[in-house]
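What follows is a short report on a single structure.
The values are calculated or read from the model by the stated rules, or taken from the named source; none is laboratory data. Fair warning: this is a prediction, and the values are worked out from it, not measured in the lab. As a convention, Cβ positions derive from the backbone with ideal geometry for all residues, glycine included, and neighbour counts pool all protein chains shown. Only protein heavy atoms, including side chains, enter the accessible area calculation; ligands, DNA and RNA are left aside. Shrake-Rupley method; radii C 1.70, N 1.55, O 1.52, S 1.80 Å.
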Amino acid sequence: MLRGCYDENVQTGKARIKVENMHVDILMQCPGCDDCRPSDEAVPRMKKKLEECG
């Protein structure tokens, strides 16, 4: 799936990865400009959610 598909679709709560439900060590990496997925936007959101949830 190319990044354009992600950019064109509206984000919904149902599609969100619920990282706060993961009770494991997580290593997140993201390139600055990912051609396939919007990881440069998603990883900071996941990091923020994890910090909020402790």
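The table below gives the values:
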read-out: Hits in the range 21-54 (condition: over 22 Å from residue 6 (Cα atoms) and either free of Cβ contacts under 8 Å to residues at least 12 places away in the same chain or not hydrophobic (A, V, I, L, M, F, W, C) (or both)); value: 21, 22, 23, 24, 25, 27, 51, 52, 54
read-out: Of residues in the range 1-14 being without any contact (Cβ under 8 Å) to a residue 12 or more places away in the chain and assigned to a helix (DSSP H, G or I), the one least open to solvent (accessible area, probe 1.4 Å); value: 4
read-out: Residues being among the small types (Gly, Ala, Ser) and more than 16 Å from residue 45 (Cα to Cα) - total across the range 1-26; value: 1
read-out: Matching residues, the range 15-41, being open to solvent by less than 80 Å² (accessible area, probe 1.4 Å), in a helix (DSSP H, G or I) and within 15 Å of residue 52 (Cβ to Cβ); value: 19, 20
